[in-house]
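Student: Just passing along the structure, written as structure tokens.
The values are calculated or read from the model by the stated rules, or taken from the named source; none is laboratory data. Keep in mind it's a predicted model, so treat the numbers as computed, not measured. All Cβ positions, even for glycine, are placed from backbone atoms using ideal geometry, and neighbour counts span all protein chains on display. These area figures cover heavy atoms from the full protein model, side chains too; ligands, DNA and RNA do not enter into them. Shrake-Rupley method; radii C 1.70, N 1.55, O 1.52, S 1.80 Å.
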Amino acid sequence: GENVEQHPSTLSVQEGDSAVIKCTYSDSASNYFPWYKQELGKRPQLIIDIRSNVGEKKDQRIAVTLNKTAKHFSLHITETQPEDSAVYFCAATMNYGGATNKLIFGTGTLLAVQP
Amino acid sequence: GAVVSQHPSRVICKSGTSVKIECRSLDFQATTMFWYRQFPKQSLMLMATSNEGSKATYEQGVEKDKFLINHASLTLSTLTVTSAHPEDSSFYICSASPRSGGATDTQYFGPGTRLTVL
């Protein structure tokens, strides 16, 4: 089955700097890769996702890149702000229409943005 | 749009009792819902996939007789922790995907239920 690895487990950056979190997946059939942000004690919130038919997607300060050949995808946050501090999870799944398939989550990255 | 609610948000119970947690999709229909548990500072561990009108699919190592799942309608799934013990204390989160004619990948999470078993 699918296995997702995520690095680093913790990341501390200065406000205004960029942060990059990387994930690798094992199953080449996976075609959907969402990223979730979870603040302490709260629900995971979808912040961006990418499908395997594109290599990059951007939404304001957040971007995700996907390398299907290498089977890895990354989250990029630019101009970080203290409110970006949270745990970020990557995930992977395969879906080719029909029923929703389960997400396989990475282990999470605790991002701390220092003011 | 795509709001998922969960009830209760927090529950404390005595060992041996059963606890029911509800997961509702408020503004969309969900043929599939997922139940996760999350220990402090850890990732989300999928427990089971709940399909409307059929039996849930449990992940390896999850006892189906202990964690009863019912998905009776397109907007409601319930998880019942039977004969709860202190080791069942955890953060339980559900997620749901909107029903559509094509791919339905995006999952939206409920706010979670903090279960404490004394």
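Student: Measuring from a point 7 Å past the Cα of A:Ser9 along Cα-to-C-beta, which residues in the stretch B:41-81 have an amide N at less than 13 Å?
Tutor: B:41-43
Student: Whole-Hz ³J(HN,Hα) for each residue in the stretch A:41-56, computed from phi via Karplus 6.51 cos²θ - 1.76 cosθ + 1.60 with θ = phi - 60°, x for glycine and proline: what do you get?
Tutor: For the stretch A:41-56, the Karplus curve yields x, 10, 6, x, 10, 5, 10, 6, 9, 9, 10, 6, 8, 10, x, 7 Hz.
Student: Now a separate question. Compute, for chain A, the length of the dipole vector about the Cα centre, with Cβ point charges of +1 (Lys, Arg) and -1 (Asp, Glu) only. Units Debye, rounded to 20.
Tutor: Result for chain A is approximately 360 debye, rounded to the nearest 20.
Student: What shape does the stretch A:45-111 have by the C-alpha gyration tensor, where a ≥ b ≥ c are the square roots of the eigenvalues, rounded means a/c under 1.5, and otherwise prolate means a/b greater than b/c and oblate the rest?
Tutor: Judged from the Cα gyration tensor, the stretch A:45-111 comes out prolate (a/c at least 1.5, a/b above b/c).
Student: To check you understand DSSP bridge types, tell me what percent of the beta bridges within the protein assembly as shown (both residues inside) are antiparallel, rounded to 5.
Tutor: DSSP beta bridges in the protein assembly as shown are roughly 90 percent antiparallel.
Student: Within a Cβ distance under 13 Å of A:Glu56, other residues only, what is the Lys/Arg minus Asp/Glu net charge?
Tutor: Result for the neighbourhood of A:Glu56: +2.
Student: Please label the shape of the stretch B:23-107 as rounded, prolate or oblate, based on the square roots a ≥ b ≥ c of the eigenvalues of the alpha-carbon gyration tensor (a/c under 1.5 means rounded; beyond that, a/b larger than b/c means prolate, else oblate).
Tutor: prolate
Student: Let me ask another. If you take the accessible area of B alone, add that of A alone, and subtract the area of the pair, what total do you get in Å², probe 1.4 Å, to the nearest 100? Could you put the intermediate results ahead of the total?
Tutor: Working: alone 6500 and 6620 Å², together 11340 Å².
Chains B and A together bury roughly 1800 Å² of accessible area.
Student: Report the residue, chosen from A:Val20, A:Val54, A:Val87, that carries the largest GNM mean-square fluctuation when chain A is represented by alpha-carbon nodes joined by springs under 10 Å.
Tutor: Greatest mean-square fluctuation among the candidates belongs to A:Val54.
Student: Rounded to the nearest 20 debye, what is the charge dipole size of the protein assembly as shown about its Cα centre when +1 sits on each Lys and Arg Cβ and -1 on each Asp and Glu Cβ?
Tutor: 420
Student: Further question on the same structure: For chain A, report the % of Cα-Cα distances exceeding 20 Å.
Tutor: That tail contains 37 percent of the Cα-Cα pairs.
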